[in-house]
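Written out below as structure tokens is the structure these notes cover.
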Amino acid sequence: MTPLVWMVSTSLKPMEEIVQFPPTLFPETFQWENYTRTIEAFPFFKYARNTLFITFFVVLGNVVSNSFIAYGFAKISFPGKNLLFGLVLSTMMVPGFVTMIPQYILFTQLGWVGTYLPLIVPSFFGSAFNIFLMRQFYMSINDELIEAAHMDGANHLYIWSRLMIPLTKPALITIGIQSFNGAWNDFLGPLLYIHEEEMYTLQIGLQIFQNQSTTQWNYLMAGATMVLLPTVLLFFFAQKYFIEGMDLTGGTKG
């Protein structure tokens, strides 16, 4: 908690108190206007809107695609299923930096560089860990429930959307939280693919704000606190579901 406390404390100090020695953990003078000055110093709300736009579609893509793919691996029988699932899991051993250059070349050839598409579209194709997480939850649901739905004339799409998704809410919320944190705090992706100032995200905006002139640490920490606040609040209110979702052995009860 010390770095978090130090960040919030610094965001409320005047500059002369920040540079004094020995340093103080808590402000002697609370300077709440640091937050309003930070918002006025760079287009905070414009960058926040851009970040929220990307984050919304990344969360949507991850929740829908991973749950849909995992349902197929857990409840549908087809030739080579176990081999294909093993191949999916093996991609977890490939570091993201290895695929960074091929992905950039691919998105360049598609004409997507300079847009939000490289940041959003990959989330609609699933990720190995999230597929594994959802599959474990689906495996814990009784097959008799699906067989009964089949007897009533339901197809797999109906079973997945109307039966499986409500029963796996903790896992879906866990994926949503992780996706939100990843997209909201992503710096490298927007740095690579976004070139126009109008499209910058909060992470890029904070970096530019830091480099504009002599660093005003109280304003920078105020901006970092505001950027961090949504992720902290999200985890605080959804931690119950997050803990349940990470329980790969418990799953849901059929």
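Determine whether segment 3-16 contains at least one residue that is closer than 23 Å to Leu233 by Cβ, surrounded by 12 or more Cβ atoms within 10 Å (Cβ to Cβ) and under 24 Å from the mean Cα position of the chain (by Cα).
yes
Conditions first: (1) at pLDDT below 90; (2) over 30 Å from Met15 (Cβ atoms); (3) buried (at least 20 other Cβ atoms within 10 Å of the Cβ). Ala183 passes all but one, so which condition is the exception?
Ala183 satisfies every listed condition except (1).
For segment 159-176, name all the residues that are at pLDDT 90 or above and exposed (fewer than 14 other Cβ atoms within 10 Å of the Cβ).
Once the filter is applied, which keeps residues that are at pLDDT 90 or above and exposed (fewer than 14 other Cβ atoms within 10 Å of the Cβ), segment 159-176 yields nothing.
Using the structure shown, decide if Phe45 is more than 28 Å from Tyr138 (Cβ to Cβ), free of Cβ contacts under 8 Å to residues at least 40 places away in the same chain and not in a loop (DSSP other than H, G, I, E, B). It would help to see each step written out before you state the result.
Numbers: more than 28 Å from Tyr138 (Cβ to Cβ): yes; free of Cβ contacts under 8 Å to residues at least 40 places away in the same chain: yes; not in a loop (DSSP other than H, G, I, E, B): yes.
Considered against the rule, which asks whether it is more than 28 Å from Tyr138 (Cβ to Cβ), free of Cβ contacts under 8 Å to residues at least 40 places away in the same chain and not in a loop (DSSP other than H, G, I, E, B), Phe45 comes out as yes.
If Glu244 satisfies every condition in (1) modelled with pLDDT of 90 or more; (2) in contact with a Pro (Cβ under 8 Å, 6 or more places away or on another chain); (3) surrounded by fewer than 19 Cβ atoms within 10 Å (Cβ to Cβ) but one, which is the exception?
(1)
Pull up segment 139-160, narrow it to residues that are assigned to a helix (DSSP H, G or I) and among the charged types (D, E, K, R), then point me to the one that is farthest from Ser77 (Cα to Cα).
Checking each candidate, the answer is Glu144.
Tell me whether segment 130-143 contains one or more residues that are surrounded by fewer than 14 Cβ atoms within 10 Å (Cβ to Cβ), more than 25 Å from Phe53 (Cα to Cα) and modelled with pLDDT of 90 or more.
Scanning segment 130-143, I find no residue that is surrounded by fewer than 14 Cβ atoms within 10 Å (Cβ to Cβ), more than 25 Å from Phe53 (Cα to Cα) and modelled with pLDDT of 90 or more, so the answer is no.
Are there any pairs with C-beta distances below 7 angstrom linking a residue in segment 1-28 that is closer than 13 Å to Asn218 by Cβ to a residue that is crowded, with 17+ Cβ neighbours inside 10 Å and of a type in the set (Lys, Arg), with the two at least 6 apart or on different chains, and if so which?
The qualifying pairs are Pro27/Lys13.
Being aliphatic (A, V, I, L, M), in a loop (DSSP other than H, G, I, E, B) and without any contact (Cβ under 8 Å) to a residue 40 or more places away in the chain is the filter here, so list the residues in segment 80-118 that pass it.
If the condition is that a residue be aliphatic (A, V, I, L, M), in a loop (DSSP other than H, G, I, E, B) and without any contact (Cβ under 8 Å) to a residue 40 or more places away in the chain, then Val94 is the only one that fits.
The values are calculated or read from the model by the stated rules, or taken from the named source; none is laboratory data. A quick note: this is a predicted structure, and the numbers were derived from the prediction, not measured. Neighbour counts are summed over all protein chains in view; Cβ atoms, including those assigned to glycine, are modelled from backbone coordinates with ideal geometry.
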